[in-house]
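Shown next, in structure tokens, is the structure this report addresses.
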Amino acid sequence: WINEGKCIVVNRQSSIPISIGKYKEEVLCDILPLETSRVLLGRPWQFDKKTSIMASQKKISFQHLDKKFVWCPLSPSQVNEDQIKLKAKKDEEEKRKNKNKNKRKEKSFPFGEKKGLCSREP
């Protein structure tokens, strides 16, 4: 997943808000060139959160603000439901973006289209 190369220099970090169910936190992440778009929670996060990975059950448990959280994979129907919601949100954002773009076009007009504006009388 990490772009192939001999050495990766981390020279940027960003605070990323993560929200999954009732778990909400901002995590300081190193920015690396990846061939996919993912947030990889590595060893520092795992150590700080005292994670326990149950690979056979496909679960991860951890502590956050003195509460125990357990992450489990989504079922196929939950994945489908989530994809439908994401697509609807993306479509709504596109509509809003196009609507704003059209409003800006209506407000601007090329020279000569409106008579009397910026005209010079001889």
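When you scan the stretch 85-94, do you find a residue that is modelled with pLDDT under 85 and part of a helix (DSSP H, G or I), even just one?
Narrowing the stretch 85-94 to residues modelled with pLDDT under 85: none.
Within the stretch 85-94, none of the residues are modelled with pLDDT under 85 and part of a helix (DSSP H, G or I).
Is one or more of the residues making up the stretch 64-77 at pLDDT 80 or above, small (G, A, S) and in a loop (DSSP other than H, G, I, E, B)? Steps first, answer last, please.
To start, the set of residues in the stretch 64-77 that are at pLDDT 80 or above comprises 64-77.
Now restrict to residues that are small (G, A, S): 75, 77.
Those left that are additionally in a loop (DSSP other than H, G, I, E, B): 75.
There is at least one residue in the stretch 64-77 that is at pLDDT 80 or above, small (G, A, S) and in a loop (DSSP other than H, G, I, E, B).
If you go through the stretch 9-48 and keep only what is modelled with pLDDT under 75 and under 25 Å from S61 (Cβ atoms), you end up with R38, V39, L40, L41, G42, R43.
Among the residues of this structure, F62 counts as one that is in contact with a Ser or Thr (Cβ under 6 Å, 6 or more places away or on another chain) and in the same structural domain as K22 (by TED's automatic domain parsing).
Restricting the stretch 59-95 to residues that are among the basic types (K, R) and either touching a residue at least 24 places away in the same chain (Cβ under 8 Å) or under 19 Å from F47 (Cα atoms) (or both), the residue that is surrounded by the most Cβ atoms within 10 Å (Cβ to Cβ) is K59.
The values are calculated or read from the model by the stated rules, or taken from the named source; none is laboratory data. The structure displayed is predicted, hence computed values, not measured ones. All Cβ positions, glycine included, derive from the backbone under ideal geometry; neighbour counts span all protein chains shown.
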